[in-house]
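This report refers to the structure that appears directly beneath it.
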Amino acid sequence: MGGSIRTNAAAAMLGVSPNTLRSWERRFGYPEPTRTAGGHRQFDLAEIEALRAAFEETQNISSAISVARERGTGPASPARLRSAFLRYDEDGANRLIEESLTVRSVERTIEEVLLPAVESLSTQAGAAPPPEYGFAWRYATGWLAATQRVAPPASRAEGVLVFDASCAPDMCALHAQGLELVLRRGGLRTLTLSADCDPHRLSNAVTALNPRAVVLTGRRASLDALGRLVFCARRVAGDGVAILDYRGAIPHSGGSTVEQLPDGTMAAREAILARVDGRPMATRFARGASTPIAL
C-alpha cells in the first residue's frame, strides 16, 4: 500500500484527533511524517495502516507502535482483512486478498486468510450476527463464486457430490463453498446440492455425476433427511460410494461408520482424494463420526 496522506486523514484512519496523532509523533517519533514545501505533514499510508492494525490488536499505543515498527504492514492476515471488513472497505479487502495471493496459493488464501477473517466476526449460535459479519460474508461468498468461475476444468473422471444443509449467512455455507472450490481446483468433478432437495428427483443428477464420494455438510438437516439423500445416492451410484461428514453435519453421540473429514479445506480435500483413490485416510485425518445414521 503506497502513497501519503495529510494529518486529518491519518488521524481519521486511526480513530483519534489530529492533536493526539501529533502528540504520538512527538512522544514516540512514530508515525514519522515528511513535510511538504509548505510545511504540512504527510504521513506514509502504509505506516498508518500498520499502526492502525496493531492498535486494534493491542489497544495500547506504545505496544502498538512497537508492533508496527517491527513488522511494518506485514503480510496479508486474517486480522488485517477483519479490520477492512470492520471499516466496510471493499477496496481494502480486495488489496489484501491480492496481497495474499502473491505469497499464498488460492487454497491457502481461503483457509488461512479469508475464512478465518469472516469467522472472527461471527457470534455465538442464536445471537444475531453484526452487520460487519453480513458485509464480510457477502464479500467472501462473492469472491469464492468469482474464483470458482475461472477454476480450470476437471482433470479427473471421479465425482464428489456435496449435500449442503446450510443457508446464508451461515459460516458453514462459506466452508462448504470453499471446499467445493478447492475440490474443483484439485481436478475433481464436483456437484453441490441443497440438503433439502427432494430425494425422488436426484436420480438424474447422481447418474450424471456418478460420485465416488458423498460429503454431508451444514447443520440444518435432520438425520432422517440426510439418510434419505444418502440412500438415493447409493441406490444410483452403488454401495461403494464413500459417505463423509464435513464440519459436523452429523451430531456425534454414538458409533457410526460415517467418516469425519478434517476441518481445514485443504486437509479435507486430501482426505477425499485418498478415499476416491481407494486409499485409507491418513491417521491424522481419520476421525470416526459417532452418531448412528440410517443409511
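The values are calculated or read from the model by the stated rules, or taken from the named source; none is laboratory data. Quick caveat, the model's predicted, so the values are computed rather than measured. For neighbour counting, all protein chains shown are included, and Cβ atoms are generated from backbone atoms with ideal geometry for every residue, glycine included. Each accessible area value is taken on the protein alone, full model and side chains, heavy atoms only, with ligands, DNA and RNA left out. Shrake-Rupley method; radii C 1.70, N 1.55, O 1.52, S 1.80 Å.
Where nothing but the Cβ of Lys and Arg (+1) and of Asp and Glu (-1) is charged, how large is the charge dipole of the chain around its Cα centre, in debye to the nearest 20? Walk me through the numbers on the way to the answer.
Values: 34 positive and 31 negative charges, 46 e Å.
Charge dipole of the chain: 220 debye, to the nearest 20.
Please give the FRET efficiency for residue 20 paired with residue 263, using the beta carbon to beta carbon distance and R0 = 45 Å, rounded to the nearest 0.05.
Details: r = 42 Å, r/R0 = 0.94.
FRET efficiency, residue 20 to residue 263: 0.60.
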GNM result for the chain, Cα springs below 10 Å: residue of 129, 78, 211 fluctuating most strongly = 129
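Where both residues lie in the chain, what percent of DSSP beta bridges are antiparallel, nearest 5? Walk me through the numbers before you get to the answer.
Values: 7 of 26 bridges.
Rounded to the nearest five, the antiparallel share is 25 percent.
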ask   = Distance from the Cα centre of region 87-112 to that of region 36-72, in angstrom?
value = 21
note = Mean separation of Cα contacts under 8 Å (at least 6 apart) over the residue count of region 35-96, i.e. the relative contact order in percent, is 25
query = What nm distance separates the two modelled labels at residue 225 and residue 35, each placed 7 Å from Cα along Cα→Cβ?
reply = 6.8
remark   = Counting sequence-distant residues (5 or more places) and residues on other chains, those with an amide H built under 5 Å from that of residue 258 are 289
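Which shape class applies to region 142-199: rounded if a/c is under 1.5, otherwise prolate when a/b exceeds b/c and oblate if not, where a ≥ b ≥ c are the square roots of the Cα gyration tensor eigenvalues? Mind showing how you got there, number by number?
On the way: a/c = 2.52, a/b = 1.29, b/c = 1.96.
Note, shape of region 142-199 comes out oblate.
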note = Within region 94-131, the residues whose backbone N lies under 14 Å from a label point placed 7 Å from the Cα of residue 56 along the Cα-to-Cβ direction are 94-97, 114, 116-122
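Output the relative contact order of the chain, whole-number percent, from Cα pairs under 8 angstrom with separation of 6+ residues. Don't skip to the end; give the middle numbers.
Values: 462 pairs, mean separation 33.4, N = 295.
About 11 percent, as a whole number.
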query = To the nearest 20 debye, what is the magnitude of the charge dipole of region 50-136 about its Cα centre, counting +1 on the Cβ of each Lys and Arg and -1 on the Cβ of each Asp and Glu?
reply = 260
request  = Provide 150, 160 ordered by accessible surface of protein heavy atoms (probe 1.4 Å), highest first.
outcome  = 150, 160
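At a 1.4 Å probe, what is the % contribution of carbon and sulfur to the accessible area of the chain? Don't jump to the answer; show the numbers that get you there.
Working: 6930 of 13990 Å².
Exposed carbon and sulfur together represent 50 percent of the surface.
Ratio to report: Rg/Rh of the chain, with Cα atoms as the point set and Rh obtained by the Kirkwood method; give two decimals. Show your work: numbers first, answer last.
Working: Rg = 23.7 Å, Rh = 21.5 Å.
Checking Rg against Rh, the ratio lands at 1.10.
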ask   = Mind listing the phi-derived Karplus ³J(HN,Hα) values for region 221-234, rounded to whole Hz, using 6.51, -1.76 and 1.60 with θ = phi - 60°, and x for any glycine or proline?
value = 10, 6, 4, 5, 5, 5, x, 5, 5, 5, 4, 5, 4, 6
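Excluding ligands, DNA and RNA, what is the solvent-accessible area per residue of the chain at a probe of 1.4 Å, expressed in Å²? Before the final figure, lay out each step's value.
Numbers: 13990 Å² over 295 residues.
Spelled out: the 1.4 Å probe surface of the chain, per residue, equals 47 Å².
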